[in-house]
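The values are calculated or read from the model by the stated rules, or taken from the named source; none is laboratory data. Model, not experiment: these values are computed from the prediction. Don't worry about glycine lacking a Cβ; one is built from the backbone with ideal geometry, like all the others, and counts go over all protein chains shown.
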Amino acid sequence: MPSADAVTPPSAPARAGTALLERRQPPVIELRAVRAAYGRIEVLHGIDLALPAGMVMALLGPNGAGKSTVLKVTSGQLAPTSGCFHVMGRHVNGIAPDALARAGVCTIPEGRAIFPNLTVAENLRIMTYGGSSKREVEERAFARFPRLSERRRQLAGTLSGGEQQMLAMARALSSEPAVLLLDEISMGLAPLVVDNLYSVVSAIAAEGVAILLTEQFARAALAVADRVGLVSQGRVVAEGRPDELPDDLAAAYLGGLQAKGG
């Protein structure tokens with residue numbers, strides 16, 4: 001198994017770094033013909049994707065398509081059975097999640113993963129163990145999510161669903177990641193809250209962070225995605241800009257109105 005030192009923490013260049021800069025640099029994360037399995041049951045059957053700095057890529061498709069498994073591979077929770085997983089051009093198959101996190105790969109899993117019995121401020125303070133000061137962590141969090149400043153002394157478990165998702169994102173961003181993995185951030189939230197969260201996603205990408213996200217409900221993701229991968233039965237069946245999706249596949253996997261942003 002590769003050591004934690006096998007991945008050098010990458011710095012995310014500004015999104016305005018232009019196409020020439022992107023051509024010179026390897027993708028932040030890349031999967032090449034990746035297969036993955038739970039026990040003897042293969043779930044991913046040769047996934048290819050490449051994500052440069054500052055790009056938002058949305059993996060869309062029905063439940064059970066393999067979207068969340070792709071995120072488990074890219075976060076180090078599930079090792080590929082074959083194929084190659086690269087971070088900043090380095091082969092990282094089998095590297096542990098904590099090593100990938102130190103290298104700049106940050107995950108917000110489905111379910112938010114906050115500490116409900118701690119206050120907002122205490123949840124944020126946990127992130128200071130990564131080396132940032134309490135002031136730095138809180139300044140970043142409250143600048144991006146002012147509502148959290150108003151709730152700083154409130155127990156996280158008593159926040160609304162949208163506020164809990166804000167807290168999960170604020171904690172993740174306190175580590176200044178190079179790539180952010182988002183798994184179904186819209187789950188259980190009102191459409192207006194989802195739109196606000198995706199506005200933040202767009203702003204994060206504009207700062208140079210690569211974002212790979214999964215969504216079952218496509219509308220909000222399509223509004224901010226630079227590229228879309230339609231996933232079905234463990235394969236990417238179509239990939240391109242949102243306006244390039246074949247109409248028949250978009251209708252089959254997303255529903256016609258969703259696919260067109262309606």
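Values as computed for the structure displayed
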item	result
Output for segment 128-145, where each listed residue is surrounded by 15 or more Cβ atoms within 10 Å (Cβ to Cβ) and in contact with a Lys or Arg (Cβ under 9 Å, 6 or more places away or on another chain)	Thr128, Ser132, Val137, Glu138, Ala141, Phe142
Pairs where the first residue, in segment 158-174, is surrounded by fewer than 20 Cβ atoms within 10 Å (Cβ to Cβ) and the second is part of a helix (DSSP H, G or I) and basic (Lys, Arg), C-beta under 6 Å, 6+ apart	none
Matching entry among Val201, Val237 (being crowded, with 22+ Cβ neighbours inside 10 Å, in the same structural domain as Ser68 (by TED's automatic domain parsing) and not basic (Lys, Arg))	Val201
Residue within segment 78-98 that is farther than 22 Å from Ile211 by Cα and in contact with a strand residue (DSSP E or B) (Cβ under 8 Å, 6 or more places away or on another chain) present	yes
Residue in segment 113-121 that is farther than 29 Å from Ala223 by Cα, part of a strand (DSSP E or B), more than 18 Å from the chain's Cα centre (by Cα) and not charged (D, E, K, R) present	yes
